[in-house]
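Q: My structure is below; once you've seen it, I'll send some questions.
The values are calculated or read from the model by the stated rules, or taken from the named source; none is laboratory data. What you see is a predicted model; the values in this text were computed from it and never measured. Backbone-built Cβ (ideal geometry, glycine too); neighbour counts: all protein chains shown.
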Amino acid sequence: MKTVKEIFGAESRAAISLGWNGREEGCESSSARLSAALVLLSEKTGMSWYRDTEDLMSRKATFVVVPTSPDVLADLLQENRDLEWGETATSFTAFLSSGPEGDDLPAAARIHITCGSPLDRWNKIHMALDDVFPLGSVSDSAAMFAEVVRIWQPDYARLSTSEVNSTLPLTRASYISWTSAKAYTEPEIDGEVAFPFGDGTLRVAREWTVESIVVLNRELTEAGAPKLSKRPKKQDTPRFPDGLPAGLEALDREVELAPQGS
């Protein structure tokens, strides 16, 4: 199974990012989503999730295993509530790892969430994927991405890298994206393979290089694609079917990857 490094190159800082505007929901609902996301990545790698129990200002770290039970996670989210973001808003960070090595915790992935807020700017999920994270084939990557989207029900989601993000403004142009038709009116272009998925569309770039994503962004802009920041202040939550989009396996033939390890 191909790793992030084998697909995007060393230190690509690949990440799945999701966002949506105001959607107030309690810690019980957020913890159920978080539990599903943690289990998904844990089962893919055989690793466990850890969190640092020390104060943010502390110079030391004490890592403990994060249980993936929604009930336990609800208690942790309750502890991290931030009333400045809204009565139900909370945040949480965890690291996917085989275990601590002394004072260090080598992590295959990190998840940071701020969610549950009725405000229009504080609902974001960031899942950073280290070089060793097993993405698999393009169709494997798209399937995992779709599962993550279904769990969080965002307005948008992107699989991208730090090099792409530093080059482009925040548009849907990325290796894999999903946008809600309830939040955006999007053009369709030839540089992507599109799959209807729930109340939106899953799209996969046909060429997985930084240069091709830059071209994709230009074509989307010329076609009138909206900026991801231009969405309703209150979310109309998208719905999804139980299954994955049909035909994802064809992506392994249709998508061209960059030379391995580049």
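Q: Which residues, counting only those in region 95-123, are more than 22 Å from residue 53 (Cα to Cα) and part of a strand (DSSP E or B)?
A: 123
Residues checked against (1) modelled with pLDDT under 90; (2) touching an Asp or Glu at 6+ places or on another chain (Cβ under 7 Å); (3) buried (at least 18 other Cβ atoms within 10 Å of the Cβ):
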position	(1), (2), (3)
18	no, no, yes
27	no, no, yes
30	no, no, yes
38	no, no, yes
48	no, no, no
60	yes, yes, no
74	no, yes, yes
95	no, no, yes
109	no, yes, yes
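Q: Within region 6-15, identify whether any single residue is among the β-branched types (Val, Ile, Thr), more than 30 Å from residue 228 (Cα to Cα) and crowded, with 16+ Cβ neighbours inside 10 Å, and answer yes or no. Quick ask: steps written out before the conclusion?
A: Within region 6-15, the subset among the β-branched types (Val, Ile, Thr) is 7.
So of that shortlist, the ones also more than 30 Å from residue 228 (Cα to Cα) come out as none.
No, region 6-15 contains no residue that is among the β-branched types (Val, Ile, Thr), more than 30 Å from residue 228 (Cα to Cα) and crowded, with 16+ Cβ neighbours inside 10 Å.
Q: Any residue at all in region 238-254 that's basic (Lys, Arg), more than 20 Å from the chain's Cα centre (by Cα) and surrounded by fewer than 17 Cβ atoms within 10 Å (Cβ to Cβ)?
A: Within region 238-254 (the criterion being basic (Lys, Arg), more than 20 Å from the chain's Cα centre (by Cα) and surrounded by fewer than 17 Cβ atoms within 10 Å (Cβ to Cβ)), the answer is yes, since at least one residue qualifies.
Q: Give the number of residues within region 47-71 that are outside any strand (DSSP E or B) and in contact (Cβ under 8 Å) with a residue 12 or more places away in the chain.
A: Residues flagged as outside any strand (DSSP E or B) and in contact (Cβ under 8 Å) with a residue 12 or more places away in the chain within region 47-71 amount to 8.
Q: Within region 210-232, track down each residue that is assigned to a loop (DSSP other than H, G, I, E, B) and either of a type in the set (Asp, Glu) or closer than 14 Å to residue 156 by Cα (or both).
A: If the condition is that a residue be assigned to a loop (DSSP other than H, G, I, E, B) and either of a type in the set (Asp, Glu) or closer than 14 Å to residue 156 by Cα (or both), then 225, 226, 227, 228, 229, 230, 231, 232 are the ones that fit.
Q: Taking only pairs six or more apart or across chains, which ones have beta-carbon atoms under 8 Å, a first residue in region 31-43 that is part of a helix (DSSP H, G or I), and a second residue that is crowded, with 19+ Cβ neighbours inside 10 Å and basic (Lys, Arg)?
A: Once the first residue is part of a helix (DSSP H, G or I) and sits in region 31-43, no partner that is crowded, with 19+ Cβ neighbours inside 10 Å and basic (Lys, Arg) comes close enough.
Per-residue answers, yes or no, for (1) crowded, with 20+ Cβ neighbours inside 10 Å; (2) within 25 Å of residue 214 (Cβ to Cβ); (3) among the aliphatic types (A, V, I, L, M):
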position	(1), (2), (3)
121	no, no, no
138	yes, yes, yes
152	yes, no, no
157	yes, yes, yes
162	no, yes, no
166	no, yes, no
174	yes, yes, no
182	no, no, no
186	yes, yes, no
